[in-house]
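Each remark here refers to the structure printed beneath this line.
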Amino acid sequence: MKKPILILAFLFLSLVSFSQETESKYDEKLAKSLNADERGMKKYVFCLLKTGTNTTATKEESQKAFEGHMTNIGRLAKEGKLVVAGPFMKNDRNYRGIYIFNVETVEEAKALVATDPAIQSNLLEAELTPWYASAALQETVKIHDKIVKPKF
């Protein structure tokens, strides 16, 4: 008699546990605001930044171009067009960094890349490809702003 009761208790607890684990946390309002599809995903354009062909730039020219590069990153992020950006660590493939653009087409991303002074001066070159990922990436900039210590 004890064995069937224990089995029923175990099954009941398993069912309760399973139902809690599979409970949906779906937020329709948030999903719509991020233009998420039914999988919580959306289209982006992934940009791989590589070392460009300009090997004759002076130190001053490079410094000015990369200062503009950083300013441009900040502007695109504030406009919501750039959701992730960052450099690669030293590597032997001439990979310098990435951008993930919050646009649907490579053509739109080409127009944004063209505003980067480091690319304009051929210190960097951009390789663009469509990419499909979590719509939540768009929230990265908001979260990042909360974890950067202010400069005094």
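Every number in this text was worked out from the coordinates using simple rules, so none of it is lab data. This structure is a prediction, so every number in the text was calculated from the model and none was measured. Ideal geometry is used to build each Cβ from the backbone, glycine not excepted, and the neighbour counts take in all protein chains shown.
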Sum of -39500 (n - 2.57) over DSSP H runs of 4+, divided by residues of the chain (222 nm, nearest 500):
-13000 deg cm²/dmol
What trypsin sites (Lys or Arg not before Pro) in the range 94-152 are in a loop by DSSP, with at most 15 other Cβ atoms within 10 Å of the Cβ?
LYS151
Placing each pseudo-label 7 Å from Cα in the direction of the beta carbon, THR51 and MET89 end up separated by a distance in nanometres of 1.9
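With helices defined as uninterrupted DSSP H runs, which ones in the chain have an alpha carbon span along their own long axis of at least 24 Å and mean Kyte-Doolittle hydropathy of at least -1.0?
2-21
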Find how much the distance from TYR132 to GLU79 grows on full extension, using 0.36 nm per residue of separation minus their present alpha carbon separation; answer in nm with one decimal.
17.0 nm
Exposed-loop cut sites defined as GluC sites (Glu not before Pro) in DSSP loop states with at most 16 other Cβ within 10 angstrom; longest site-free run of the chain spans 105-152
Taking only the alpha-carbon atoms of the chain, the convex hull volume per residue, in cubic angstrom, is 203
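Do any chymotrypsin sites (Phe, Trp or Tyr not before Pro) in the range 21-96 lie in a DSSP loop with no more than 11 other beta carbon atoms within 10 Å, and if so, which?
Here the chymotrypsin sites (Phe, Trp or Tyr not before Pro) that fit, given the DSSP loop and packing criteria, are TYR26.
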Sorted from largest to smallest, which semi-axis lengths in Å does the alpha carbon gyration tensor of the range 62-115 give for its equivalent ellipsoid, taking the root of 5 times each eigenvalue?
20, 15, 11
Using label points projected 7 Å from each Cα along Cα→Cβ, tell me how many nm separate SER24 and GLU60, to one decimal.
6.3
If I take every Cα pair under 8 Å that is 6 or more residues apart in the range 32-147, average their sequence separation and divide by the length, what percent do I get for the relative contact order?
45
